[in-house]
Amino acid sequence: MSLLSEAGWLFLLRWIHFLSGITWIGLLYYFNFVQVPFFAETEAPVRSGAQQKLLPRALWWFRWGAMFTFLSGWIYLLHYWLGKRGLTDPQTLVILVGGLLGTIMWANVWFVIWPKNKIVIQNAVDVAAGKPANPAAAAAGARGGLASRTNVVFSIPMLLFMGSASHFPMPMPSSAPVFWALMLIIMALVEINALTGTPGKGAAKPLATVKGTLWFGFILTVVFYLVFMVLGR
């Protein structure tokens, strides 16, 4: 197979998608499973130093990993899955669901997590320089954290569906409108909670801990799977 052929180009596109995706999701799990618990337990000077010097570096790789994953994934999806195999192929439907989950996650990175963390980083820099603390920094950090935990939740079914497209055949839903209505409503409810929920309270309470976040993600995966199974033919 020549890399200059269409098959070779598609292979390179998948390779870029995998490489950038591992970078992105790896950092997502680092932030939520390692850094956040560490920040909660460490002393203020250590936390401030990490916010000033470590966090900007990690977030650079994080957001650009998300961007390259998003772009390479949609190019591949549009050209190969939608362009060649089409929506009548049940596996196209599976990977499209995964792609939509990944798109929501990408949007959370660029339009919620990164902007909110810029406020946190700038506040740490200002306080270290002797300037007054920004009273909005704590709320910004909490909102960014809730969006990040939501991305962990979405990542679990997203990775299942990405793998299912080639390795675990799923049934074709008997009614596409009902299928998409259910899928989009579920995705929207989880995302609305990330954007408007109160961190640590109400529907956002399970996301206050790593354990709760993981359980939420696995339960959501089962719910999505059941939609396929119940509506499948």
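Computing FRET efficiency as 1/(1 + (r/R0)^6) for TRP15 and LEU87, where r is the C-beta to C-beta distance and R0 is 25 Å, gives about 0.45. Taking 0.36 nm per residue of separation and subtracting the current Cα-Cα distance, fully stretching the chain between LEU226 and TYR30 would add 67.6 nm. Rg over Rh for segment 176-233 works out to 1.05, using Cα positions for both radii and the Kirkwood form for Rh. For the chain, the longest principal axis of the C-alpha atoms and the axis of helix 90-108 are separated by about 20°.
Taking 16 Å as the cut-off, no amide N atom of segment 176-195 comes nearer than this to a point 7 Å along the Cα-to-beta-carbon line of TRP215.
Dividing the helix sum by the residues of the chain, where each DSSP H run of 4 or more adds -39500 (n - 2.57), gives a mean residue ellipticity at 222 nm of -24500 deg cm²/dmol. Across the cross-link table entries LYS53/LYS131; LYS118/LYS205; LYS131/LYS205; LYS53/LYS205, which are compared at the Cα atoms, the separations over 27 Å belong to LYS131/LYS205; LYS53/LYS205.
Farthest towards the positive end of the charge dipole of the chain, among the residues ILE16, GLY26, SER148, is the Cα of SER148, using unit charges on the Cβ of Lys, Arg, Asp and Glu.
A DSSP coil position with no more than 12 other Cβ atoms inside 10 Å describes none of the chymotrypsin sites (Phe, Trp or Tyr not before Pro) in segment 149-233.
Under a 5 Å amide H cut-off, with hydrogens placed 1.01 Å from N, GLY232 pairs with SER174 among residues at least 5 apart or on other chains.
Taken about its Cα centre, segment 6-231 carries a charge dipole of about 380 debye when Lys and Arg each add +1 at the Cβ and Asp and Glu each add -1 at the Cβ. Between GLY130, GLY202, GLY83, find the one with the highest GNM mean-square fluctuation for the chain; connect C-alpha pairs within less than 10 Å. Highest fluctuation among the options: GLY130. For the chain, the longest principal axis of the alpha carbon atoms and the long axis of helix 55-76 meet at an angle near 10°. In terms of other Cβ atoms within 10 Å, THR42, THR69 run from fewest to most in the order THR42, THR69. With the convex hull of the Cα atoms taken as the outline of segment 108-190, the averaged projected area works out to 7.2 nm².
Distance from the alpha carbon centroid of segment 182-233 to that of segment 1-27 works out to 29 angstrom. To the nearest ten degrees, helix 114-128 and the longest principal axis of the Cα atoms of the chain are 20 degrees apart.
Every read-out reported here was derived from the displayed coordinates using simple, explicitly stated rules and does not represent laboratory data. Everything numeric in this text was worked out from a predicted model, so none of it was measured. Note: ideal-geometry Cβ built from the backbone for every residue, glycine included; neighbour counts use all protein chains shown.
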